[in-house]
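The values are calculated or read from the model by the stated rules, or taken from the named source; none is laboratory data. As the structure is a computational prediction, the values presented were derived from the model and not from experiment. Note: ideal-geometry Cβ built from the backbone for every residue, glycine included; neighbour counts use all protein chains shown.
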4 protein chains.
Amino acid sequence: MKLGFIGLGQMGVGMAARLLKAGHELAVHNRSPGKAESLAAQGAKVADDVAAACGGDAVFTMLADDAAVESASFGPKGIVASLAPGAVHVCSATISVALSERLLEAHSKAGQQFVAAPVFGRPDAAAAGMLFIVASGVADAMRRVEPLLNVLGQKVFIVSERAPDAHLVKLSGNFLIASVIEGLGEALALVEKGGVDRLKYLEILTGTLFNAPVYRTYGNLIANRKFEPAGFAAPLGQKDIRLVLAAAETLRVPMPVASLMRDRFLALFARGGEKLDWAAVGALPAADAGLT
Amino acid sequence: MKLGFIGLGQMGVGMAARLLKAGHELAVHNRSPGKAESLAAQGAKVADDVAAACGGDAVFTMLADDAAVESASFGPKGIVASLAPGAVHVCSATISVALSERLLEAHSKAGQQFVAAPVFGRPDAAAAGMLFIVASGVADAMRRVEPLLNVLGQKVFIVSERAPDAHLVKLSGNFLIASVIEGLGEALALVEKGGVDRLKYLEILTGTLFNAPVYRTYGNLIANRKFEPAGFAAPLGQKDIRLVLAAAETLRVPMPVASLMRDRFLALFARGGEKLDWAAVGALPAADAGLT
Amino acid sequence: MKLGFIGLGQMGVGMAARLLKAGHELAVHNRSPGKAESLAAQGAKVADDVAAACGGDAVFTMLADDAAVESASFGPKGIVASLAPGAVHVCSATISVALSERLLEAHSKAGQQFVAAPVFGRPDAAAAGMLFIVASGVADAMRRVEPLLNVLGQKVFIVSERAPDAHLVKLSGNFLIASVIEGLGEALALVEKGGVDRLKYLEILTGTLFNAPVYRTYGNLIANRKFEPAGFAAPLGQKDIRLVLAAAETLRVPMPVASLMRDRFLALFARGGEKLDWAAVGALPAADAGLT
Amino acid sequence: MKLGFIGLGQMGVGMAARLLKAGHELAVHNRSPGKAESLAAQGAKVADDVAAACGGDAVFTMLADDAAVESASFGPKGIVASLAPGAVHVCSATISVALSERLLEAHSKAGQQFVAAPVFGRPDAAAAGMLFIVASGVADAMRRVEPLLNVLGQKVFIVSERAPDAHLVKLSGNFLIASVIEGLGEALALVEKGGVDRLKYLEILTGTLFNAPVYRTYGNLIANRKFEPAGFAAPLGQKDIRLVLAAAETLRVPMPVASLMRDRFLALFARGGEKLDWAAVGALPAADAGLT
């Protein structure tokens, strides 16, 4: 297939490389230049602007936030204006439910299709095609896009036919990860202050009921205080909690743990942690307990 | 070995049966009568009081709370007064760190040994010998007790040589389960109010980063609103959160999610939920969001 | 002085009437018609649009939210475009710090002056000129505007020369009122469930350390469950908490009680309380405790 | 009247001196010696033990916590064993509702009377007879005791005929003060980080809706970071929050702000603040925001 890929950050560059390796024709674009070079060496065509990446059957977006997706999507040279009728915008970025709804409406009006396909996984999983993908879209669009998603992820879950549902599920999933970080952070602070070794404790947790990737990954980051380099930067985590809270406000769902995480990120940034992995909020309970 | 087992509730009865099947001689006791009958039919000797269960090499306690363990342990006919020098008290109950420390001291003074061996798992796991066991005790005691623990659990984790450490780890583990219940409850409330099917959502979670027993077990209980019969009754969950908070207070560790869970249990009981499984607190976020 | 007044809600109509009574020439405007009639009968000129209210020395805005103030301020027929150089925009609405900063910049560029003068008090205080006014602006503008503010309020506090400071102080004050509502709500739920009479309790509080208007006003509303008609509607309270949290996010200040209040409003709306006075969130602790 | 007074800390010494000045015959006792000397100089008789202070018509207790009141009240030489039938135990200490109920029962059985008369106010108010007193007890006992209470306080509020009610009201009042400290702490952190002067801000608050002693007293302590010497030491504040939470647990009342305060005290102690006034928890929001 003839594809476009917009957004070549840590995640996007790995995903785009997977599509190239699978034999697809790929035009790649990134707002700040220089990111496309390694992909060009692998056979990608470098698109100078968004419109130039929208000439094929589908275009992926893997951008950092609502503002970046809005800017790429709307306006005279944006995706909506540039994509052919019947072509698909596959949005893998984690965006707000509200923006997902605006995009669904705009693409429908333009006779195009909109598939939400946000991903779970960090850069190494993106490069290895080991992401988990949560997708929503009308059946016809999903049928065409699913082979591409299978190249990017180890498993694809179809949520529903309504694209914003997948973005809501993705946001709720990031909230759940944040709640794991908080839970681990509090539990580790407690046992450590009680004299139990952090790593021994983690081994017990992940050897029992908490035998899941999320506990292993984040438990190790927190227990080892390994927050640099950031696989998923704290400001991105804060953004996702903000979007969760925005969706919860619209839907009128009180979420006290999400509110707590909002404050945790502010406390992290107040002490200068913007560059750290978002797992660093998991070290705040220890700091509050007087541990270092 | 010649053993005693005190406390024949849902968990204890399954554990005692495992010890019997493994060929040990077992004297069983329960404060309210009638619980010992099925075990007697399997060959257990019924002990009329605590002292009568303390005549062997080791005695297990699997009681509901601090008060029950205190009452069985201290006093003229209690475990400390009745156990032979060198014999071991294996406490599998989930008790406070403070009581665990008192027991360690009392047994040491009496020339006995004290092993903490609390368990993770619900009644079906106890009956099947599939518990996870977290144990602490001095090396000599652990060496003698470990074969017994291997009969009860699928895996035994040695935390340290200090018994109260295992109780702290156990309590922190129950806190972590509670935090999973809360996280799932909030996430399920959000996506359900957004129109996503609860069971479909759960399938996605447990098929991705949250592929752990704790998410499957509690996710299903919450998503299906299946809180009766209680595998682990809500007042026991409340008790464990109280003990976590007591340990946190002694150690000076602020734990906002533990504090939240404290209030959740009160809200559950204020609406009459004392008989339900503790997973029922995971339905409170949905109730707060106006879902039923 | 020749003045304009935009926004004739429950608060604005009382404030405008005070300016009329003080002998000022007043052009009044409200987006939805019909609100100006009583003022016209008192001698006000009815302005058909925003621009028509901007012909004098100063124009007041007393609108419900950021969107309304933005809409009135910007655009070809807005306040910035319509006000004469040197004239003053006195913004008494409770708006975001961010919008206050944009307005300050826009009016400065246009050679106009911007004074923030948000008020504390409910409709009866507005009608009686008994508001408390918190004002910020450059000295020259403040000097001209202060006599007008003294007509509207029983006391005027000058915060600083930077207009957005007054909006921040006002928002923080509304947060403090919300925290009083929450505190009273929790305390009332506790003592009532313990068997103490709510009104007797309130009498004790306001007769001792809590002898302040805010405790009397909100204590009575909560203790008597008198939430209709709304003097300050719950969605406006929610908006202010949202603006407080937005300012706190920009400034990186964790505010757990503000986060709690955010969730309280969602819980109130989830049970259909949009029409009630914001004091109604003070009845939620009682509801959580199983009281009605 | 012939009276006893047990507990000569910062509060008790001032209260006892008031009773002396009013002409009553007073036997005073304090567990650690040396505290009674100044009162002896004013005419008090020094009682060597609790029993020696219980020979009159009434005995006051003004002790630090449940343990101290329990120890003074029960046992062979305690108040219950020593007081004459018909005499009154006036408990001005802030104790748990549970202990208040035990004392009520024990004194009733012994044919004595029990009046709860906890106080609001700090040491200077105790010395000046300017306390606020919240009292409960049967009518006959109250009639006899009220003249004494009027010597100690500027105002006496009768809650009900059930002594534990006054202790519940007192505890809830201390919770409300704590919630004011938290609210002020968060608001001050917000405006200070936004560039507004703390003292100017406080002047605005206490000049408007927050014109109450509690806002002036605690606002000044927090804004001036004046936490030493402690008028009311942080561990006593922590104790009261613990007792509030215990009452709330018994009554099944979720109190999220009380839970928050519990964690605030732990955070304060984790950084070494045990010696400070409890107002010091009001500086934690600023610390979390990176202010010093």
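Looking across the range D:236-255, the residues that are touching an Asp or Glu at 6+ places or on another chain (Cβ under 6 Å) and not aliphatic (A, V, I, L, M) come down to D:Lys239, D:Pro254.
Among the residues making up the range C:263-276, those that are surrounded by fewer than 24 Cβ atoms within 10 Å (Cβ to Cβ) and more than 10 Å from chain B (Cβ to nearest Cβ) are C:Gly273, C:Glu274, C:Lys275, C:Leu276. Are any residues in the range B:180-199 at the interface with another protein chain (Cβ under 8 Å from one of its Cβ atoms), in a helix (DSSP H, G or I) and over 25 Å from B:Lys239 (Cβ atoms), and if so, which ones? Answer for the range B:180-199, where residues must be at the interface with another protein chain (Cβ under 8 Å from one of its Cβ atoms), in a helix (DSSP H, G or I) and over 25 Å from B:Lys239 (Cβ atoms): B:Ala187, B:Ala189, B:Leu190, B:Val191, B:Lys193. Summed over the range B:154-174, residues that are more than 24 Å from A:Gly183 (Cα to Cα) and facing another protein chain (nearest Cβ under 10 Å) total 2. The condition of being under 18 Å from A:Leu63 (Cβ atoms) and part of a strand (DSSP E or B) does not hold for A:Ala126. Just one of the numbered conditions (1) at the interface with chain D (Cβ under 10 Å from one of its Cβ atoms); (2) over 17 Å from B:Ala258 (Cβ atoms); (3) touching a residue at least 60 places away in the same chain (Cβ under 8 Å) is not true of A:Met255: (1).
When the range A:21-34 is filtered for residues that are surrounded by 19 or more Cβ atoms within 10 Å (Cβ to Cβ) and either assigned to a loop (DSSP other than H, G, I, E, B) or of a type in the set (A, V, I, L, M, F, W, C) (or both), the ones remaining, listed by number, are A:His24, A:Leu26, A:Ala27, A:Val28, A:Asn30.
The listed residues are B:Val59, B:Val134, and the only one of them that is within 14 Å of chain A (Cβ to nearest Cβ), outside any helix (DSSP H, G or I) and surrounded by 20 or more Cβ atoms within 10 Å (Cβ to Cβ) turns out to be B:Val134. Restricting the range B:207-227 to residues that are of a type in the set (Lys, Arg) and not in a helix (DSSP H, G or I), the residue that is farthest from the chain's Cα centre (by Cα) is B:Arg225. Among the residues making up the range D:207-232, those that are crowded, with 21+ Cβ neighbours inside 10 Å, touching a residue at least 12 places away in the same chain (Cβ under 8 Å) and either under 30 Å from B:Arg262 (Cα atoms) or within 13 Å of another protein chain (Cβ to nearest Cβ) (or both) are D:Val214, D:Tyr215, D:Tyr218, D:Gly219, D:Ile222.
Mind listing just one residue for me: the one in the range D:277-292 that is surrounded by fewer than 20 Cβ atoms within 10 Å (Cβ to Cβ) and among the aliphatic types (A, V, I, L, M) and, of those, farthest from D:Pro229 (Cα to Cα)? Step by step, filter the range D:277-292, then rank; the result is D:Leu291. All of A:Ala81, A:Ala64 fail the test of being on the phi < 0 side of the Ramachandran plot and either modelled with pLDDT under 95 or assigned by TED's automatic domain parsing to the domain that holds A:Val244 (or both), apart from A:Ala64. The sole residue among D:Pro85, D:Pro118, D:Pro147 that is crowded, with 22+ Cβ neighbours inside 10 Å, out of contact with any Leu (no Cβ under 7 Å at 6 or more places or on another chain) and without any contact (Cβ under 8 Å) to a residue 60 or more places away in the chain is D:Pro118.
The listed residues are B:Ile204, B:Ile177, and the only one of them that is touching a residue at least 40 places away in the same chain (Cβ under 8 Å), in a helix (DSSP H, G or I) and either more than 10 Å from every other protein chain (Cβ to nearest Cβ) or more than 24 Å from C:Ala270 (Cβ to Cβ) (or both) turns out to be B:Ile177.
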